[in-house]
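Take a look at the structure below.
The values are calculated or read from the model by the stated rules, or taken from the named source; none is laboratory data. None of the values given here were measured: they were computed from a predicted structure. Every residue, glycine among them, receives a Cβ derived from its backbone with ideal geometry; neighbour counts consider all protein chains shown.
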Amino acid sequence: MSAEVDDSADVALRPATELVELFRIGDLSPVEVTEAVLSRIEEHQPTINAYCLVDAERSMADARASRDRYRRGEAAGRVDGVPVAVKDVFLTAGWPTRRGSRLVDAAGPWDDDAPVVAALRRQGAVLLGKTTTPELGWKGVTDSPLDGVTGNPWDPALTAGGSSGGSAAAVVLGMTTLALGTDGGGSIRIPAGFCGHVGFKPTYGRVPLWPASPFGTLAHAGPMTRTVADAALMLAVIATPDSRDWTALPPDPTDYEAALVGGVKGLRVAFSPDLGYVSVDPEIATAVAQAATVLEHLGAIVDQVDPGFTDPVEAFHILWFAGAADAVRGYSAEQRRLLDPGLAEVVAEAEMMRLSDYLAAARHRAELGIMMGRFHERYDLLLTPTLPIPAFAAGREVPDGWPQPRWTSWTPFTYPFNLTQQPAISIPWGFTRAHLPIGLQLVGARHHDALVLRAAHTLAEAR
């Protein structure tokens, strides 16, 4: 390792875009970075519980193979040698994928890679292990009967959010460089907001999913990173069509990294502080309003305006709970007693629904998608808070004293844009007085992933 790198910040916290350049010129080795990241895992895992599986031996073997490729001038791809954490909902050959559930047999067999995992392997990524998730990824916090509670990097007594909470905590603490997440109602953006990192939900179908999610076309896969540039880099790798996902979009010729350049001058941005119906913590409201001002200073045309829809939570619940029920359909009543009690409740609720309820929810969803399509004829981007509240106590679905029992009651800014399948990103935007992260969300029209990334990158660089 060069003296220059030795004197700099901990290599475990360096962005992937910087690591691959240092690997290329020989100033840093994938072995050194992987060792540093594994050291961070050893330090923080007992307190944070970000991982449910770590395979240090296999990771180091991958890192040594990557080092040798760089020495030969034969890097395998854009993330060769970069440490990556895999949320424990993605199939990963050789490792069990239990999805936080005691119902899943760890014995396997586990012979397949999900498309995103296969893409990362092809391009030389160093896979570290599997990160924690609530059972079947069903809620916006991360705790499960199988793997326990995942804490927030800023205060382990608080939640990391979910359902990609393990990936989020790992990214922030340097327990990985990049992480995979899924987002069916905010599960990438919620933990990004609570933990203070970048979480990007691409347009539905941009990143292939297989096996199909039990939550159907609500579920997206995407990158969880410390910088927007790293999110663009990771998206370029995992947005590779796979024949196993029949809903996947065709290849996008966009170079997401190159598309970060260009700023926001002239973009039409709708700033909606509350979507017209959300109660937002004053500190969060003030911070996100400041972001709107920054966008104006950068040349964007910003209007304070709401999209015009009412809270679609009932439609979302019907579609989401039905997915949860389908996920456990093959298990007996006795086996279901092992479920997270909250998951068991929503499954029971779904089993009382009528087909007409489901069809009405699907129709509501379509109407919302049309409304947002028309909205984006007038506005390039929508700016909102990611979450209306800061992180609360870990191990709970809702804060103490909260008037509603379900996680959707405090995530009103995220799930609408799963219904509409739009690209949406959360980036960190300061802290509360209690030193808890604040996230802001940018939403774009479907297929305008590069624009969302560019605007987010411009805002992050300005901050």
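Taking the residues in the stretch 127-178 that are assigned to a loop (DSSP other than H, G, I, E, B) and in contact with a His (Cβ under 9 Å, 6 or more places away or on another chain) as candidates, determine which candidate is surrounded by the fewest Cβ atoms within 10 Å (Cβ to Cβ).
Looking at residues that are assigned to a loop (DSSP other than H, G, I, E, B) and in contact with a His (Cβ under 9 Å, 6 or more places away or on another chain), I get Trp154.
Please identify the pairs in which a residue from the stretch 450-463 that is touching a residue at least 40 places away in the same chain (Cβ under 8 Å) has its Cβ atom under 7 Å from the Cβ atom of a residue that is acidic (Asp, Glu), counting only partners at least 6 apart or on another chain.
Once the first residue is touching a residue at least 40 places away in the same chain (Cβ under 8 Å) and sits in the stretch 450-463, its partners that are acidic (Asp, Glu) give Leu451/Asp380.
Give me the helices (runs of 4 or more DSSP H) completely within the stretch 352-463, filtered to those with at least 3 residues that are surrounded by fewer than 24 Cβ atoms within 10 Å (Cβ to Cβ), ordered by residue number.
355-378, 449-462
For the stretch 148-189, give me each residue that is of a type outside the set (Gly, Ala, Ser) and within 19 Å of Ala324 (Cα to Cα).
Of everything in the stretch 148-189, those that are of a type outside the set (Gly, Ala, Ser) and within 19 Å of Ala324 (Cα to Cα) turn out to be Thr182, Asp183, Ile188.
If a residue must be under 27 Å from Ala462 (Cβ atoms) and either hydroxyl-bearing (Ser, Thr, Tyr) or at pLDDT below 95 (or both), how many such residues does the stretch 206-241 contain?
Summing the residues that are under 27 Å from Ala462 (Cβ atoms) and either hydroxyl-bearing (Ser, Thr, Tyr) or at pLDDT below 95 (or both) in the stretch 206-241 gives 2.
Do we have any residue at all in the stretch 123-131 that's in the same structural domain as His220 (by TED's automatic domain parsing), on the phi > 0 side of the Ramachandran plot and in contact with a Pro (Cβ under 6 Å, 6 or more places away or on another chain)?
no
Pick from the stretch 267-304 the residues that are in a loop (DSSP other than H, G, I, E, B) and farther than 16 Å from Leu440 by Cα: which of them is farthest from the chain's Cα centre (by Cα)?
Start the filter on the stretch 267-304 by keeping residues that are in a loop (DSSP other than H, G, I, E, B), which leaves 267, 272-281, 298-300.
So of that shortlist, the ones also farther than 16 Å from Leu440 by Cα come out as 267, 276-277, 298-300.
Working: Leu267: 25, Gly276: 25, Tyr277: 25, Leu298: 27, Gly299: 29, Ala300: 27 Å.
Restricting to residues being in a loop (DSSP other than H, G, I, E, B) and farther than 16 Å from Leu440 by Cα, the top hit is Gly299.
If only one of Ala362, Ala327, Ala393 is among the small types (Gly, Ala, Ser) and without any contact (Cβ under 8 Å) to a residue 60 or more places away in the chain, which one is it?
Ala362
Looking only at residues in the stretch 215-240 that are out of contact with any Phe, Trp or Tyr (no Cβ under 9 Å at 6 or more places or on another chain) and assigned to a loop (DSSP other than H, G, I, E, B), which one is nearest to Phe90 (Cα to Cα)?
Thr240
Return the only residue of Val117, Val79, Val84, Val89 being assigned to a loop (DSSP other than H, G, I, E, B), within 30 Å of Glu397 (Cβ to Cβ) and either among the aliphatic types (A, V, I, L, M) or touching a residue at least 12 places away in the same chain (Cβ under 8 Å) (or both). Before you say what the answer is, go through the steps one by one.
Values: Val117 fails: assigned to a loop (DSSP other than H, G, I, E, B); Val79 fails: within 30 Å of Glu397 (Cβ to Cβ); Val84 fails: assigned to a loop (DSSP other than H, G, I, E, B).
After applying the criteria, what remains is Val89.
The rows are residues; the columns are (1) in contact with a Leu (Cβ under 6 Å, 6 or more places away or on another chain); (2) crowded, with 19+ Cβ neighbours inside 10 Å; (3) under 14 Å from Thr458 (Cβ atoms); (4) not assigned by TED's automatic domain parsing to the domain that holds Gln404.
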{"residue": "Ala270", "(1), (2), (3), (4)": "yes, yes, no, no"}
{"residue": "Asp274", "(1), (2), (3), (4)": "no, no, no, no"}
{"residue": "Tyr277", "(1), (2), (3), (4)": "no, no, no, no"}
{"residue": "Glu283", "(1), (2), (3), (4)": "no, no, no, no"}
{"residue": "Ala291", "(1), (2), (3), (4)": "yes, yes, yes, no"}
{"residue": "Val302", "(1), (2), (3), (4)": "yes, yes, yes, no"}
{"residue": "Asp311", "(1), (2), (3), (4)": "no, no, no, no"}
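Please verify whether Glu334 is without any contact (Cβ under 8 Å) to a residue 60 or more places away in the chain and within 26 Å of Arg365 (Cα to Cα), treating the condition exactly as stated.
When the stated conditions are applied, Glu334 does not pass them.
Could you tell me whether the stretch 40-60 includes any residue that is out of contact with any Pro (no Cβ under 7 Å at 6 or more places or on another chain), over 23 Å from Leu339 (Cα atoms) and part of a loop (DSSP other than H, G, I, E, B)?
yes
Quick check: anything in the stretch 253-266 surrounded by fewer than 15 Cβ atoms within 10 Å (Cβ to Cβ), of a type in the set (A, V, I, L, M), under 25 Å from the mean Cα position of the chain (by Cα) and not in a loop (DSSP other than H, G, I, E, B)?
Yes, because at least one residue in the stretch 253-266 is surrounded by fewer than 15 Cβ atoms within 10 Å (Cβ to Cβ), of a type in the set (A, V, I, L, M), under 25 Å from the mean Cα position of the chain (by Cα) and not in a loop (DSSP other than H, G, I, E, B).
What are the residues in the stretch 250-275 that are among the basic types (Lys, Arg) and in contact with a strand residue (DSSP E or B) (Cβ under 8 Å, 6 or more places away or on another chain), if any?
Result: Arg268, single match.
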